[in-house]
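Written below as structure tokens is the structure these notes are about.
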Amino acid sequence: MSELIDGKVISTQIKSEVKEKVAALNAKGVTVSLAVIQVGADPASSVYVRNKKKACEEVGIRSVAYELPETTTEKELLDLIDELNGRKDINGILVQLPLPKGMDEDKVTDAISPLKDVDGFHPVNVGKLSIGKRGFVSCTPAGVIELLKRSGVEISGKECVVIGRSNIVGKPMSMLLLRENGTVTVCHSRTADLKEVTKRADILVVAVGKPGMIDASYIKDGAVVIDVGIHRKEDGKLCGDVDFESASEVASKITPVPGGVGPMTIAMLMKNCAESVELQGLI
Ligand code: NDP
């Protein structure tokens, strides 16, 4: 049986570190503020936005909510971002995705100042990650690195395999593992023999977006398995991209769903917000 990597415990640690950092900044007269923009009333987005506001309250970050109607035009949204980019009292800007149909998400992401892009989606921050410069890093993959490090998993020199190459998870994940000196392979839907590759992994990060797809037959004995996937089953329960029961028979360490990578994403968002004031040269 494998050891559980507990994202609830580790994310709580990170949030309490952020809380201390924010309190120290406040003591120096520096406040940290995050603008959270939601367009329309998609129920899943509303839950995410509510959780982000709650996390801000927990760590002492001021959150400023912009709940815009579904009828908002792209121009109105871009004008708001432009205004927030220029405001000294706003350190982070987050636009909850997905946006309503007809809005160009790339255009909206690109409009956010890279110095306020706490989601780490702006091309400037993506570029900085690939050339090893300091910038904002996408929260979910950054959270995976924290989970590994704080669970005592050595990345340097290890065979790391990432399943998935999306811009928000797979690609930044592979860059981060490389930055930690892992030997990284990225798999995707055109990978010829997926099992042959994944069975080489000492660390397997699964972001394939298919519920329960990765079972023990994809995993080397003793590998560390990180499940980024989140899906809601018909019975209302959550599951990941990994078949947990089967995988935990062979993995040495594994993240559960829920309670693994999920809680890390918001904790890393809070960490990015607290770091924004440094990147903006405010301290
Ligand atoms: P995407 O759907 O954007 O990407 C999935 C990737 O998996 C693609 O690169 C795709 O390849 C690859 N893929 C699909 N099928 C196969 C296959 N049969 N074999 C090998 N590779 C395959 O998903 P995301 O990256 O956005 O998300 C991945 C998972 O993580 C989802 O379950 C999502 O819900 C979850 N997630 C969780 C977060 C969290 O906070 N915990 C945050 C973000 C996402 P190709 O590029 O060739 O199409």
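Can you pull out the residues in the range 205-218 that are in contact with a helix residue (DSSP H, G or I) (Cβ under 6 Å, 6 or more places away or on another chain) and either in a loop (DSSP other than H, G, I, E, B) or more than 12 Å from Val250 (Cα to Cα) (or both)?
Matches in the range 205-218: Val205, Ala207, Asp215.
Could you check, for the range 269-282, whether at least one of its residues is within 16 Å of Glu159 (Cβ to Cβ), away from the ligand (no atom under 14 Å from the Cβ), touching a helix residue (DSSP H, G or I) at 6+ places or on another chain (Cβ under 8 Å) and not in a loop (DSSP other than H, G, I, E, B)?
So far as the range 269-282 goes, no, none of its residues is within 16 Å of Glu159 (Cβ to Cβ), away from the ligand (no atom under 14 Å from the Cβ), touching a helix residue (DSSP H, G or I) at 6+ places or on another chain (Cβ under 8 Å) and not in a loop (DSSP other than H, G, I, E, B).
Restricting attention to the range 236-268, which residues are of a type outside the set (Ser, Thr, Tyr), within 14 Å of the ligand (Cβ to nearest atom) and either in a strand (DSSP E or B) or under 13 Å from the mean Cα position of the chain (by Cα) (or both)?
Correct list: Leu238, Cys239, Val242, Gly260, Val261, Gly262, Pro263, Met264, Ile266, Ala267, Met268.
Hey, any hits in the range 187-194 for a residue that's in contact with a strand residue (DSSP E or B) (Cβ under 6 Å, 6 or more places away or on another chain), free of Cβ contacts under 8 Å to residues at least 40 places away in the same chain, near the ligand (Cβ under 9 Å from one of its atoms) and not aliphatic (A, V, I, L, M)?
Taking every residue of the range 187-194 in turn, at least one turns out to be in contact with a strand residue (DSSP E or B) (Cβ under 6 Å, 6 or more places away or on another chain), free of Cβ contacts under 8 Å to residues at least 40 places away in the same chain, near the ligand (Cβ under 9 Å from one of its atoms) and not aliphatic (A, V, I, L, M).
Give the number of residues within the range 216-235 that are modelled with pLDDT of 95 or more, over 19 Å from the mean Cα position of the chain (by Cα) and either small (Gly, Ala, Ser) or within 13 Å of the ligand (Cβ to nearest atom) (or both).
Result for the range 216-235: 5.
Within the range 3-56, can you find the residues that are of a type in the set (Gly, Ala, Ser) and crowded, with 18+ Cβ neighbours inside 10 Å?
Selection gives Gly7, Ser11, Ser33, Ala35, Gly40, Ala55.
Just the residues that are touching a strand residue (DSSP E or B) at 6+ places or on another chain (Cβ under 6 Å) and not in a helix (DSSP H, G or I), please, taken from the range 101-116.
Ile112, Lys116
The values are calculated or read from the model by the stated rules, or taken from the named source; none is laboratory data. The model shown is predicted, which means the values in this text are computed figures rather than measured ones. Ideal geometry is used to build each Cβ from the backbone, glycine not excepted, and the neighbour counts take in all protein chains shown.
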